[in-house]
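One structure is given here, and the rest of the page talks about it.
The values are calculated or read from the model by the stated rules, or taken from the named source; none is laboratory data. Every value quoted in this text rests on a predicted model; they were computed, and no experiment measured them. For neighbour counting, all protein chains shown are included, and Cβ atoms are generated from backbone atoms with ideal geometry for every residue, glycine included. The protein model used for the area step is the full one, side chains on, heavy atoms only, and it has no ligands, DNA or RNA in it. Shrake-Rupley method; radii C 1.70, N 1.55, O 1.52, S 1.80 Å.
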Amino acid sequence: MFGEFVPYLSGLLNWVLAMDEEEATNIIKNYETAVPSLLAMKTQTLVETNPIADWLDNKVILDPEARTNIGVAKRDKDSNSDNWYLHNDEWLYPNYAEYCHDTGTRSIGLRRFVNLLSDLLNNQLRLNIEKGRDRAGSFIRGLRLRDAADDEPPLITNKVMKTKTDSSSTSVINKLWNLVMEKVVKAIDCVMDESVDEEDGNLETAEDNRAEVEENIEEVEAEEISTKDEVLSVGDRVMIKDCPGHWSWAQPFQVLAIEDNMVALELVDELVHINQLQICHNKNLESKN
């Protein structure tokens, strides 16, 4: 082991072992409060990897009294206009689409935008944001678009900015984190090297299993019925349209719960919109599972 933190590891270990069990449990469960630098890292990662979060952070302000229409993104065909979309200074979706165009990011469709925005606000950021609809269309209460006169702090990374003042504790934590991650990566590399021969021996079996799974999926898709014609119920087995590769091996999934248009599935750690699901009626495949 080497590095400037090595001489202090024994003291760190003694400090950890002497920690009260209740205090240690509280730090692990409430790490965002106990270790602000980890919250800062988590928040920064969110805006760097999620285009909707990045847009929220730069273009949207929390305002309990505000009510902003979601709107649609229609091209501004005026050759004298600097805008790419109409109403981008009034409605949420065209403002998001305009921001994606300006930053070189690919925007997503309106329906998916609404679902992901709602999930981000209520589940990830834990904000009490209300979505509604009236004669003027869908709207979100509690958000408004930022204009040139606004000096409000960023919606998401404002917490990150507050934690940067505690630079000494953040520096120590980051050094320790980098040291631990370096050792973990080395250990993983060693395990991977030792398992190469075993993986090579099992490669043929894995390919056979993959082929069987793909065959089963094709068999299900041939007999599936769209949920547009039927009522989805708890306990049904369903397929996900355009299912990500890391989920496809487990199809079909069993429906665990349904809330509005969002569905909870077994083995899937996030809610799926009901329009992405198709009911499976292949009894042979269900019996295999």
| said: Of everything in the stretch 98-122, what is over 19 Å from Ile156 (Cα atoms) and assigned to a helix (DSSP H, G or I)? Give them in sequence order. | reply: Glu98, His101, Asp102, Leu110, Arg111, Arg112
| message | Quick check on Asn80: is it in contact with a strand residue (DSSP E or B) (Cβ under 8 Å, 6 or more places away or on another chain), loosely packed, with under 11 Cβ neighbours inside 10 Å, in a loop (DSSP other than H, G, I, E, B) and at pLDDT below 90? | response | no
| message | Quick check on the stretch 139-149: of everything there that is closer than 19 Å to Tyr96 by Cβ and either free of Cβ contacts under 8 Å to residues at least 24 places away in the same chain or open to solvent by 40 Å² or more (accessible area, probe 1.4 Å) (or both), which residue is farthest from the chain's Cα centre (by Cα)? | response | Ala148
| request: Out of Glu90, Glu130, Glu98, Glu65, report the one residue that is out of contact with any helix residue (DSSP H, G or I) (no Cβ under 8 Å at 6 or more places or on another chain), open to solvent by less than 60 Å² (accessible area, probe 1.4 Å) and without any contact (Cβ under 8 Å) to a residue 60 or more places away in the chain. | output: Glu98
